[in-house]
Each structure stands twice: as structure tokens, then as C-alpha cells.
């Protein structure tokens, strides 16, 4: 299946998120929108998305962290449990995150078993969103 790639977008700088989650910033982090995403902090990330982050660029980067933390859950059951919360955020802010969603779909790879753990969920979500 093929979809047209959305316009490229990137997020804000790492400083705001690093400060929010008490991450250390190293000199090599200067061009990154995030460098750490811990699976055990996914609830903190989801909570911060609506309560602590107002800037769209920072929300964009935080969603990248959320998706990374989601795919890094220790098992599929935990990933699926958190997916409902993440899906609600993606649905509400689809236009903001369309490029990130597309990226995590990994359309260039036909073998779904050779993709990220969340790719099947993200692809399903993206296909439904394109039908609306």
C-alpha cells in the first residue's frame, strides 16, 4: 500500500523537553528534537502532552518521544494498553503529527515483521484516517 508522504515537519529544540523530564543535555544534542525516551515514563509523557506543553513544536517532539516509548514497551500487552491513550492524542492533533505518523508507518518496508513494534497499529490508524 502506498500513500503520498506528507510535508516534512520537525519539532522544537530538546531543551524544553529535557528540562521538563530532567534529562541531561550534552553538547552533541544540539540539533536533536529529543534524545531520550524511556518506556517506563510513557504515562508521564502522555500526561505532560496536555498539561505541561503548549508550544506546537514541543508537542510535535513530545509525540515522537511518546511513540518511541510506546514501541519500546517490554511486551505487546503493555504497548496495546497504552495505545488507546496515544491514539486519542493522534486523532485530536492529526494534522500536527501527520508526518510523524507517516514516518512510523514505515511504508518503505513491505515486511511488517521487519518494522517497529508499533508499526501495525500506526499503519492501521493512518489508513483509517485517510479514509475519513
- Query: part of a loop (DSSP other than H, G, I, E, B), under 27 Å from residue 130 (Cβ atoms) and in contact (Cβ under 8 Å) with a residue 24 or more places away in the chain: does that describe residue 37?
  - Reply: yes
- Item | Identity of the residue in segment 103-113, surrounded by fewer than 19 Cβ atoms within 10 Å (Cβ to Cβ) and touching a residue at least 12 places away in the same chain (Cβ under 8 Å), that ends up farthest from residue 66 (Cα to Cα) | 107
- Select, from 62, 96, 89, the only residue that is assigned to a helix (DSSP H, G or I) and over 13 Å from residue 46 (Cα atoms). 96
- Please enumerate the residues belonging to segment 114-132 that are exposed (fewer than 12 other Cβ atoms within 10 Å of the Cβ) and under 17 Å from residue 80 (Cβ atoms). 128
- Query: When you look at residue 107, is it within 13 Å of the chain's Cα centre (by Cα), in a loop (DSSP other than H, G, I, E, B) and within 20 Å of residue 3 (Cβ to Cβ), yes or no?
  - Reply: no
- Residue within segment 6-18 that is loosely packed, with under 14 Cβ neighbours inside 10 Å, under 25 Å from residue 108 (Cβ atoms) and free of Cβ contacts under 8 Å to residues at least 40 places away in the same chain present: no
- Query: Among the listed residues 75, 113, 84, which satisfies the condition of being closer than 22 Å to residue 51 by Cβ and out of contact with any helix residue (DSSP H, G or I) (no Cβ under 8 Å at 6 or more places or on another chain)?
  - Reply: 84
- Message: Testing residue 71 on (1) at pLDDT 90 or above; (2) crowded, with 19+ Cβ neighbours inside 10 Å; (3) within 21 Å of residue 116 (Cβ to Cβ), one condition comes back false. Which one is that?
- Response: (2)
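The values are calculated or read from the model by the stated rules, or taken from the named source; none is laboratory data. For clarity, every value in this text was computed on a predicted model and none was experimentally measured. Here Cβ is always computed from backbone atoms with ideal geometry, including for glycine, and neighbour counts include all displayed protein chains.
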